[in-house]
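The values are calculated or read from the model by the stated rules, or taken from the named source; none is laboratory data. Given the structure is predicted, the values throughout are model-derived calculations rather than measurements. When we count neighbours, we look across all protein chains shown, and the Cβ atoms used for this are built from the backbone with ideal geometry, even at glycine.
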Amino acid sequence: MRIAIDAMGGDYAPQEIVHGALGALNDQQDLELILVGQEAAIKEHLPKKYAEERLTIHHCTEFIAMEETPVVAYRKKKDASITVTTRLVKEGHAQAVISAGNTGAQMVASLFGLGRLPGISRPAIGTVLPGLDGPKLLVDAGANTECKAENLLQFALMGSVYAEKILGIKNPRIGLVSNGSEPTKGNELTLKAHQLLANAEQINFMGNVEGRDFLVGPVDVLVCDGFVGNIILKAVEGTGTGMFTLLREELTSNWRSKMGAFLLLPALKKMKARLDYTEFGGAPLLGVKGLSIICHGSSNAHAIRNAVRAAVKCIEKEMVSTLENNCCSAGVGEKDVK
């Protein structure tokens with residue numbers, strides 16, 4: 001099993017990327033990793049002795065920064081790390097690409113470098129949220145800021161397949177994110193999407209879901225456009241961070257609180273692990289002809305290590321071919337997208 005990692009992508013690249021890769025190699029013995037980036041910079045963070053037969057460096061001269069315009073940078077920088085990493089997957093040298101760099105650039109590289117699955121007009125990011133009764137899949141988490149109702153139908157179908165085949169959720173329940181649970185609530189997009197989803201026999205559609213239903217609601221897959229999805233994702237992350245900040249302040253305010261905090265520490269650690277995005281590692285870009293795992297820009301070594309674990313699981317479950325087979329058999333094709 002061979003995975004290519006963009007070593008230059010992310011706020012803490014290449015140090016955290018390299019350390020995460022080394023940790024992943026310790027987790028799985030039949031794994032080989034390719035670190036793509038500037039060789040000298042990568043080697044600065046590698047130990048003097050490492051398993052070169054399992055960890056190799058693919059040198060490239062450029063990388064795309066977070067603030068760069070994705071399409072322009074992709075066309076201009078032919079030797080950028082995310083472009084080269086994706087090319088390795090396209091040419092069969094690796095089975096997956098992982099990057100914590102510019103998400104837009106990874107989207108562009110995946111679309112141009114890997115192509116779309118038949119029947120999918122807009123690939124979408126599928127991000128796992130820490131639901132209180134089990135994981136929730138959010139689709140789309142930021143790939144498409146403007147969508148048509150037919151795109152949301154495709155997101156729902158891909159999300160349903162991923163939730164069942166990869167996350168192990170039997171007959172996953174699909175919910176459409178809106179500002180009210182009634183079918184008549186929402187904007188023009190959600191009203192049209194509701195009609196399509198309600199008539200789709202391939203999915204278990206439960207109707208609209210509101211903001212309060214994201215973590216505790218009656219659905220397993222949350223469907224929305226990428227603009228709304230990214231706001232949901234960042235809001236959940238921010239809420240978790242803010243909650244633990246407040247807890248830390250209160251539990252360390254006096255000696256009585258500190259004693260209580262000591263007793264609560266095991267439970268608090270478990271709670272933090274359930275809400276920590278680094279535990280989930282990365283999110284797959286659903287709908288492209290190859291496995292592309294998108295990581296948070298601020299991913300540390302632990303997040304990268306778990307992103308590799310997520311990629312391994314997707315490879316083992318044959319995620320890409322599973323999506324292709326199920327999407328095609330469901331009859332959702334290019335003809336359905338106006």
*Name the residues in the stretch 26-40 that are surrounded by fewer than 18 Cβ atoms within 10 Å (Cβ to Cβ) and either under 19 Å from G101 (Cβ atoms) or hydrophobic (A, V, I, L, M, F, W, C) (or both), would you?*
E39, A40
*Just name the residue that is modelled with the lowest pLDDT out of those in the stretch 316-338 that are crowded, with 17+ Cβ neighbours inside 10 Å and in a helix (DSSP H, G or I).*
C327
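Does the stretch 5-12 contain at least one residue that is assigned by TED's automatic domain parsing to the domain that holds N300, under 21 Å from S299 (Cα atoms) and free of Cβ contacts under 8 Å to residues at least 40 places away in the same chain?
no
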*Considering the stretch 292-310 alone, what residues qualify as being of a type outside the set (D, E, K, R), in contact with a helix residue (DSSP H, G or I) (Cβ under 9 Å, 6 or more places away or on another chain) and under 17 Å from N26 (Cβ atoms)?*
N300, A301, H302, A303, I304, N306, A307, V308
*asked:* I'm trying to understand the selection: among the residues of the stretch 61-76, which are in a loop (DSSP other than H, G, I, E, B) and farther than 11 Å from N102 by Cβ?
replied: T61
*Considering each residue of the stretch 135-170, count those that are acidic (D, E) and assigned to a loop (DSSP other than H, G, I, E, B), and give that number.*
2
*Give the stretch 211-228 a look and list any residue that's part of a loop (DSSP other than H, G, I, E, B) and either surrounded by 16 or more Cβ atoms within 10 Å (Cβ to Cβ) or in contact with a strand residue (DSSP E or B) (Cβ under 8 Å, 6 or more places away or on another chain) (or both), or say none.*
F214, L215, G217, P218, V219, D220, C224, D225
*Return the residue satisfying two criteria in turn: it lies in the stretch 244-259 and is free of Cβ contacts under 8 Å to residues at least 24 places away in the same chain and surrounded by 13 or more Cβ atoms within 10 Å (Cβ to Cβ), and of such residues it is nearest to the chain's Cα centre (by Cα).*
L247
*Would you call M107 more than 20 Å from A143 (Cβ to Cβ), of a type in the set (A, V, I, L, M) and in contact with a Pro (Cβ under 8 Å, 6 or more places away or on another chain)?*
no
*Restricting the stretch 129-146 to residues that are in contact with a helix residue (DSSP H, G or I) (Cβ under 7 Å, 6 or more places away or on another chain) and crowded, with 24+ Cβ neighbours inside 10 Å, the residue that is farthest from T103 (Cα to Cα)*: L137
*Residue identified as in contact (Cβ under 8 Å) with a residue 12 or more places away in the chain and aliphatic (A, V, I, L, M) among A200, A235*: A200
